[in-house]
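Remarks on the structure that follows.
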Amino acid sequence: MLPTILFQYDQVLDLGAEILERCGGTFLVKGLWLAHSDMLVTCIPADAHHVMSTNFWNFPKGSEFRMMLDAFGNGLFISDLEDWSFHRRIGRALFNHQRFQQLSVDITLDKVENGLVPVLEHASQQSLAVDFQDLFQRFGLDATCALITGCDPKSLCLELPDVPFASAMEEAGKVIFLRHVYPKCIWKLQRWLGIGSERILIAAKKTLYDFAAEHVSFMRERSNMGTNQTEGLDILSAYINEDEAFQSSASDKVLIDNILSLLLAGKDTTSAALSWFFWLVSKNPSVETKIIEELKAAVPAKEAEKWHLFDAEELSKLVYLHGALCESLRLFPPVPLQIRTPLQPDILPSGHRVDPSQR
(Lines give C-alpha, C1' and ligand atoms only; values in the text may rest on other atoms or scores of the structure.)
Protein backbone atom coordinates (compact mmCIF):
# COMPACT_ATOMS: atom_id res chain seq x y z
CA MET A 1 0.00 0.00 0.00
CA LEU A 2 2.85 2.41 0.85
CA PRO A 3 4.37 2.45 -2.68
CA THR A 4 0.92 3.12 -4.16
CA ILE A 5 0.32 6.06 -1.81
CA LEU A 6 3.76 7.57 -2.46
CA PHE A 7 3.33 7.20 -6.23
CA GLN A 8 -0.05 8.99 -6.09
CA TYR A 9 0.98 11.50 -3.41
CA ASP A 10 -1.09 14.36 -4.83
CA GLN A 11 -4.18 12.18 -5.38
CA VAL A 12 -4.26 10.19 -2.16
CA LEU A 13 -7.84 11.25 -1.28
CA ASP A 14 -9.10 10.25 -4.73
CA LEU A 15 -7.28 6.94 -4.34
CA GLY A 16 -8.89 6.36 -0.95
CA ALA A 17 -12.35 7.18 -2.32
CA GLU A 18 -11.90 4.70 -5.19
CA ILE A 19 -10.82 1.91 -2.83
CA LEU A 20 -13.72 2.65 -0.46
CA GLU A 21 -16.16 2.41 -3.36
CA ARG A 22 -14.71 -0.92 -4.51
CA CYS A 23 -14.68 -2.34 -0.97
CA GLY A 24 -18.21 -1.38 0.02
CA GLY A 25 -17.27 1.55 2.25
CA THR A 26 -14.58 -0.03 4.47
CA PHE A 27 -11.09 -1.44 3.99
CA LEU A 28 -8.14 -2.37 6.20
CA VAL A 29 -4.63 -1.05 5.59
CA LYS A 30 -2.06 -3.46 7.03
CA GLY A 31 0.98 -1.81 8.57
CA LEU A 32 4.44 -3.18 9.23
CA TRP A 33 4.63 -6.46 11.15
CA LEU A 34 4.70 -5.88 14.94
CA ALA A 35 4.44 -2.13 14.39
CA HIS A 36 0.78 -1.95 15.50
CA SER A 37 0.06 0.40 12.61
CA ASP A 38 -3.00 -1.21 11.01
CA MET A 39 -5.64 1.29 9.94
CA LEU A 40 -9.33 0.59 9.33
CA VAL A 41 -10.71 3.14 6.86
CA THR A 42 -14.49 3.62 6.64
CA CYS A 43 -16.95 6.06 5.11
CA ILE A 44 -20.09 4.36 6.43
CA PRO A 45 -22.25 7.03 8.17
CA ALA A 46 -23.34 4.70 10.98
CA ASP A 47 -19.71 3.88 11.80
CA ALA A 48 -18.74 7.56 11.76
CA HIS A 49 -21.63 8.44 14.08
CA HIS A 50 -20.66 5.62 16.45
CA VAL A 51 -17.03 6.79 16.66
CA MET A 52 -17.67 10.55 16.75
CA SER A 53 -20.82 10.59 18.91
CA THR A 54 -22.39 7.41 20.34
CA ASN A 55 -19.18 5.94 21.78
CA PHE A 56 -17.10 9.12 21.57
CA TRP A 57 -15.10 8.64 24.79
CA ASN A 58 -13.76 5.27 23.61
CA PHE A 59 -12.25 6.86 20.50
CA PRO A 60 -9.78 9.63 21.40
CA LYS A 61 -7.37 11.01 18.84
CA GLY A 62 -4.59 9.17 20.64
CA SER A 63 -1.00 9.90 21.61
CA GLU A 64 0.30 9.00 18.15
CA PHE A 65 -1.97 11.60 16.55
CA ARG A 66 -0.68 14.30 18.91
CA MET A 67 2.89 13.20 18.26
CA MET A 68 2.41 13.55 14.50
CA LEU A 69 0.88 17.02 14.89
CA ASP A 70 3.36 18.21 17.53
CA ALA A 71 4.07 21.33 15.45
CA PHE A 72 0.63 22.65 16.42
CA GLY A 73 0.78 21.97 20.16
CA ASN A 74 -2.03 20.48 22.23
CA GLY A 75 -4.96 22.83 21.65
CA LEU A 76 -8.68 22.24 21.22
CA PHE A 77 -8.53 20.32 17.94
CA ILE A 78 -5.57 18.16 18.92
CA SER A 79 -6.04 17.46 22.65
CA ASP A 80 -7.98 14.58 24.24
CA LEU A 81 -10.08 13.78 27.30
CA GLU A 82 -9.64 16.26 30.21
CA ASP A 83 -7.57 18.74 28.20
CA TRP A 84 -10.12 18.66 25.40
CA SER A 85 -13.01 19.14 27.85
CA PHE A 86 -11.32 22.22 29.31
CA HIS A 87 -10.69 23.81 25.91
CA ARG A 88 -14.19 22.91 24.75
CA ARG A 89 -15.78 24.53 27.82
CA ILE A 90 -14.09 27.85 27.13
CA GLY A 91 -14.60 27.62 23.38
CA ARG A 92 -18.26 26.70 23.62
CA ALA A 93 -19.05 29.56 25.99
CA LEU A 94 -17.20 31.97 23.73
CA PHE A 95 -18.71 30.78 20.44
CA ASN A 96 -22.21 31.12 21.91
CA HIS A 97 -21.52 34.64 23.19
CA GLN A 98 -23.50 37.28 21.30
CA ARG A 99 -20.57 39.72 21.22
CA PHE A 100 -18.25 37.08 19.79
CA GLN A 101 -20.77 36.12 17.11
CA GLN A 102 -21.13 39.77 16.13
CA LEU A 103 -17.34 40.16 16.08
CA SER A 104 -17.10 37.17 13.74
CA VAL A 105 -19.64 38.73 11.36
CA ASP A 106 -17.95 42.15 11.49
CA ILE A 107 -14.49 40.73 10.77
CA THR A 108 -15.75 38.63 7.86
CA LEU A 109 -17.68 41.48 6.23
CA ASP A 110 -14.77 43.88 6.68
CA LYS A 111 -12.33 41.42 5.14
CA VAL A 112 -14.63 40.87 2.16
CA GLU A 113 -15.22 44.60 1.58
CA ASN A 114 -11.71 45.91 2.25
CA GLY A 115 -9.62 42.87 1.36
CA LEU A 116 -11.12 40.43 -1.12
CA VAL A 117 -13.21 42.78 -3.28
CA PRO A 118 -10.42 45.34 -3.94
CA VAL A 119 -8.04 42.56 -5.02
CA LEU A 120 -10.63 41.06 -7.38
CA GLU A 121 -11.55 44.48 -8.78
CA HIS A 122 -7.88 45.25 -9.44
CA ALA A 123 -7.40 41.89 -11.18
CA SER A 124 -10.52 42.50 -13.29
CA GLN A 125 -9.46 46.01 -14.34
CA GLN A 126 -5.95 44.84 -15.23
CA SER A 127 -7.17 41.60 -16.89
CA LEU A 128 -5.01 39.56 -14.53
CA ALA A 129 -5.40 35.89 -13.71
CA VAL A 130 -5.70 35.18 -9.99
CA ASP A 131 -5.30 32.06 -7.90
CA PHE A 132 -8.60 31.80 -6.04
CA GLN A 133 -7.25 29.24 -3.60
CA ASP A 134 -4.38 31.55 -2.64
CA LEU A 135 -6.79 34.47 -2.16
CA PHE A 136 -9.09 32.36 -0.01
CA GLN A 137 -6.15 31.13 2.07
CA ARG A 138 -5.15 34.74 2.70
CA PHE A 139 -8.76 35.60 3.48
CA GLY A 140 -8.96 32.70 5.95
CA LEU A 141 -5.63 33.61 7.56
CA ASP A 142 -6.53 37.28 8.09
CA ALA A 143 -10.06 36.64 9.35
CA THR A 144 -9.09 33.74 11.61
CA CYS A 145 -6.06 35.54 13.04
CA ALA A 146 -8.15 38.65 13.79
CA LEU A 147 -10.78 36.51 15.48
CA ILE A 148 -8.24 34.58 17.57
CA THR A 149 -5.64 37.20 18.46
CA GLY A 150 -7.36 40.49 17.67
CA CYS A 151 -4.64 41.32 15.10
CA ASP A 152 -5.02 41.26 11.31
CA PRO A 153 -1.81 40.33 9.39
CA LYS A 154 -3.32 41.96 6.25
CA SER A 155 -2.01 39.35 3.85
CA LEU A 156 -5.02 39.91 1.56
CA CYS A 157 -4.13 43.17 -0.17
CA LEU A 158 -3.11 44.31 -3.66
CA GLU A 159 0.56 43.50 -3.06
CA LEU A 160 -0.22 39.91 -1.94
CA PRO A 161 2.87 39.87 0.33
CA ASP A 162 4.65 36.73 1.39
CA VAL A 163 3.62 35.77 4.93
CA PRO A 164 6.27 33.63 6.69
CA PHE A 165 3.73 32.23 9.15
CA ALA A 166 1.40 31.06 6.36
CA SER A 167 4.31 29.50 4.45
CA ALA A 168 5.47 27.72 7.61
CA MET A 169 1.99 26.35 8.20
CA GLU A 170 1.88 25.05 4.62
CA GLU A 171 5.28 23.37 4.98
CA ALA A 172 4.32 21.85 8.33
CA GLY A 173 1.13 20.43 6.82
CA LYS A 174 3.07 18.68 4.05
CA VAL A 175 5.50 17.10 6.50
CA ILE A 176 2.68 15.97 8.79
CA PHE A 177 1.03 14.27 5.83
CA LEU A 178 4.27 12.40 5.11
CA ARG A 179 4.37 11.30 8.75
CA HIS A 180 1.03 9.57 8.19
CA VAL A 181 2.42 7.83 5.10
CA TYR A 182 5.95 6.87 6.13
CA PRO A 183 6.60 4.12 8.69
CA LYS A 184 7.10 5.69 12.11
CA CYS A 185 10.68 4.45 12.38
CA ILE A 186 11.68 6.34 9.21
CA TRP A 187 10.36 9.80 10.07
CA LYS A 188 11.48 9.47 13.70
CA LEU A 189 15.01 8.71 12.48
CA GLN A 190 14.83 11.74 10.18
CA ARG A 191 13.71 13.88 13.10
CA TRP A 192 16.52 12.59 15.33
CA LEU A 193 19.13 13.27 12.62
CA GLY A 194 17.54 16.56 11.55
CA ILE A 195 17.41 15.58 7.88
CA GLY A 196 14.88 15.27 5.07
CA SER A 197 11.36 16.56 5.55
CA GLU A 198 11.83 16.67 9.32
CA ARG A 199 14.52 19.33 8.89
CA ILE A 200 11.93 21.49 7.12
CA LEU A 201 9.49 20.93 9.97
CA ILE A 202 12.01 22.09 12.58
CA ALA A 203 12.31 25.47 10.84
CA ALA A 204 8.55 25.70 10.31
CA LYS A 205 7.84 24.95 13.98
CA LYS A 206 10.12 27.79 15.08
CA THR A 207 8.32 30.24 12.78
CA LEU A 208 4.92 29.11 14.03
CA TYR A 209 5.95 29.24 17.68
CA ASP A 210 7.55 32.69 17.37
CA PHE A 211 4.42 34.06 15.67
CA ALA A 212 2.10 32.75 18.39
CA ALA A 213 4.45 33.70 21.24
CA GLU A 214 4.63 37.29 19.99
CA HIS A 215 0.84 37.63 20.17
CA VAL A 216 0.67 36.00 23.60
CA SER A 217 3.33 38.38 24.93
CA PHE A 218 1.47 41.37 23.51
CA MET A 219 -1.84 40.31 25.05
CA ARG A 220 -0.14 39.57 28.39
CA GLU A 221 1.20 43.11 28.49
CA ARG A 222 -2.23 44.53 27.74
CA SER A 223 -3.75 42.33 30.43
CA ASN A 224 -1.20 43.45 33.03
CA MET A 225 -1.90 47.08 32.14
CA GLY A 226 -5.63 46.49 32.45
CA THR A 227 -6.29 47.33 28.81
CA ASN A 228 -7.16 43.90 27.45
CA GLN A 229 -10.90 44.53 27.42
CA THR A 230 -11.26 45.45 23.77
CA GLU A 231 -14.40 46.30 21.88
CA GLY A 232 -14.39 42.77 20.52
CA LEU A 233 -14.07 39.43 22.22
CA ASP A 234 -11.21 37.55 20.59
CA ILE A 235 -10.37 33.99 21.61
CA LEU A 236 -6.94 34.77 23.06
CA SER A 237 -8.46 37.35 25.42
CA ALA A 238 -11.01 34.78 26.57
CA TYR A 239 -8.25 32.35 27.58
CA ILE A 240 -6.21 35.03 29.33
CA ASN A 241 -9.28 36.12 31.27
CA GLU A 242 -9.95 32.55 32.47
CA ASP A 243 -8.84 33.08 36.09
CA GLU A 244 -9.01 29.48 37.24
CA ALA A 245 -6.64 28.17 34.58
CA PHE A 246 -4.07 30.89 34.11
CA GLN A 247 -2.26 32.04 37.23
CA SER A 248 1.37 31.90 36.08
CA SER A 249 3.56 32.37 33.03
CA ALA A 250 3.57 28.58 32.53
CA SER A 251 0.18 28.96 30.89
CA ASP A 252 1.82 30.70 27.93
CA LYS A 253 2.35 27.29 26.32
CA VAL A 254 -1.37 26.57 26.59
CA LEU A 255 -2.12 29.88 24.91
CA ILE A 256 0.42 29.29 22.15
CA ASP A 257 -0.88 25.76 21.56
CA ASN A 258 -4.42 27.05 21.19
CA ILE A 259 -3.47 29.86 18.82
CA LEU A 260 -1.73 27.35 16.54
CA SER A 261 -4.50 24.76 16.80
CA LEU A 262 -7.28 27.24 16.06
CA LEU A 263 -5.39 28.91 13.22
CA LEU A 264 -4.80 25.49 11.68
CA ALA A 265 -8.50 24.69 11.96
CA GLY A 266 -9.83 28.04 10.77
CA LYS A 267 -7.46 29.06 7.99
CA ASP A 268 -7.40 25.97 5.80
CA THR A 269 -10.99 24.82 6.34
CA THR A 270 -12.36 28.18 5.20
CA SER A 271 -10.14 28.36 2.12
CA ALA A 272 -10.81 24.74 1.14
CA ALA A 273 -14.58 25.14 1.48
CA LEU A 274 -14.64 28.33 -0.62
CA SER A 275 -12.26 26.97 -3.27
CA TRP A 276 -14.30 23.81 -3.82
CA PHE A 277 -17.58 25.77 -3.82
CA PHE A 278 -16.52 28.18 -6.55
CA TRP A 279 -14.98 25.35 -8.57
CA LEU A 280 -18.25 23.42 -8.43
CA VAL A 281 -20.26 26.51 -9.36
CA SER A 282 -17.99 27.08 -12.38
CA LYS A 283 -18.67 23.51 -13.50
CA ASN A 284 -22.46 23.85 -13.11
CA PRO A 285 -23.74 26.91 -15.05
CA SER A 286 -27.38 26.20 -14.16
CA VAL A 287 -26.56 26.38 -10.46
CA GLU A 288 -24.60 29.60 -11.01
CA THR A 289 -27.60 31.14 -12.78
CA LYS A 290 -29.97 30.25 -9.93
CA ILE A 291 -27.58 31.66 -7.31
CA ILE A 292 -27.24 34.94 -9.24
CA GLU A 293 -31.02 35.19 -9.64
CA GLU A 294 -31.50 34.66 -5.90
CA LEU A 295 -28.86 37.29 -5.09
CA LYS A 296 -30.43 39.84 -7.45
CA ALA A 297 -33.88 39.25 -5.96
CA ALA A 298 -32.51 39.85 -2.45
CA VAL A 299 -30.94 43.23 -3.27
CA PRO A 300 -33.11 46.16 -2.07
CA ALA A 301 -34.78 47.98 -4.99
CA LYS A 302 -33.08 51.29 -4.19
CA GLU A 303 -29.66 49.61 -4.46
CA ALA A 304 -30.37 47.53 -7.56
CA GLU A 305 -27.85 49.46 -9.68
CA LYS A 306 -25.18 49.70 -6.97
CA TRP A 307 -22.55 47.33 -5.59
CA HIS A 308 -24.15 45.64 -2.58
CA LEU A 309 -22.51 43.84 0.34
CA PHE A 310 -24.97 41.45 1.94
CA ASP A 311 -25.19 41.48 5.73
CA ALA A 312 -25.74 38.41 7.92
CA GLU A 313 -29.52 38.82 8.06
CA GLU A 314 -29.82 39.07 4.28
CA LEU A 315 -27.57 36.06 3.77
CA SER A 316 -29.67 33.95 6.15
CA LYS A 317 -32.61 34.29 3.72
CA LEU A 318 -30.73 32.96 0.68
CA VAL A 319 -32.07 29.41 0.75
CA TYR A 320 -30.69 28.19 -2.58
CA LEU A 321 -27.20 29.56 -1.87
CA HIS A 322 -27.24 27.85 1.53
CA GLY A 323 -28.27 24.57 -0.08
CA ALA A 324 -25.51 24.86 -2.69
CA LEU A 325 -22.91 25.48 0.02
CA CYS A 326 -24.12 22.48 2.02
CA GLU A 327 -23.95 20.25 -1.06
CA SER A 328 -20.42 21.48 -1.77
CA LEU A 329 -19.40 20.66 1.81
CA ARG A 330 -20.94 17.20 1.46
CA LEU A 331 -19.11 16.44 -1.77
CA PHE A 332 -15.79 18.03 -0.80
CA PRO A 333 -15.51 18.36 3.00
CA PRO A 334 -12.70 20.69 4.14
CA VAL A 335 -11.65 18.03 6.67
CA PRO A 336 -12.06 14.82 4.63
CA LEU A 337 -10.82 12.41 7.29
CA GLN A 338 -10.67 11.97 11.06
CA ILE A 339 -8.23 9.67 12.84
CA ARG A 340 -9.23 7.95 16.07
CA THR A 341 -7.67 5.20 18.23
CA PRO A 342 -9.95 2.96 20.34
CA LEU A 343 -9.17 2.69 24.05
CA GLN A 344 -11.08 -0.60 24.33
CA PRO A 345 -11.99 -3.24 21.73
CA ASP A 346 -15.25 -2.42 20.00
CA ILE A 347 -17.50 -3.54 17.16
CA LEU A 348 -18.68 -0.90 14.71
CA PRO A 349 -22.30 -0.88 13.46
CA SER A 350 -21.03 -2.28 10.14
CA GLY A 351 -19.77 -5.35 12.02
CA HIS A 352 -16.06 -4.56 11.79
CA ARG A 353 -14.04 -5.17 14.95
CA VAL A 354 -11.48 -2.62 16.15
CA ASP A 355 -8.95 -2.75 18.99
CA PRO A 356 -6.33 -0.43 20.57
CA SER A 357 -3.61 -1.64 18.18
CA GLN A 358 -5.47 -0.08 15.25
CA ARG A 359 -6.40 3.38 14.07
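What pairs come up if the first residue lies in region 194-210 and is assigned by TED's automatic domain parsing to the domain that holds E171, the second is of a type in the set (V, I, T) and surrounded by fewer than 18 Cβ atoms within 10 Å (Cβ to Cβ), and their beta carbons are under 9 Å apart, counting only those six or more places apart or on different chains?
G194/I202; G196/I186
Take T149 and tell me if it is surrounded by 14 or more Cβ atoms within 10 Å (Cβ to Cβ), polar (S, T, N, Q), at pLDDT below 90 and out of contact with any strand residue (DSSP E or B) (no Cβ under 7 Å at 6 or more places or on another chain).
For T149, the condition - surrounded by 14 or more Cβ atoms within 10 Å (Cβ to Cβ), polar (S, T, N, Q), at pLDDT below 90 and out of contact with any strand residue (DSSP E or B) (no Cβ under 7 Å at 6 or more places or on another chain) - is met.
Could you tell me whether any residue of region 207-218 is exposed (fewer than 15 other Cβ atoms within 10 Å of the Cβ) and part of a loop (DSSP other than H, G, I, E, B)?
There is no residue in region 207-218 that is exposed (fewer than 15 other Cβ atoms within 10 Å of the Cβ) and part of a loop (DSSP other than H, G, I, E, B).
Counting residues that are within 19 Å of D210 (Cα to Cα), assigned by TED's automatic domain parsing to the domain that holds M219 and touching a residue at least 24 places away in the same chain (Cβ under 8 Å), which helices (runs of 4 or more DSSP H) fully inside region 69-185 reach at least 2?
Correct list: 132-149, 164-181.
The values are calculated or read from the model by the stated rules, or taken from the named source; none is laboratory data. What you see is a predicted model, and the numbers here were worked out from it, not measured in a lab. Note that each Cβ is placed from the backbone with ideal geometry, even for glycine, and that neighbours are counted across all protein chains shown.
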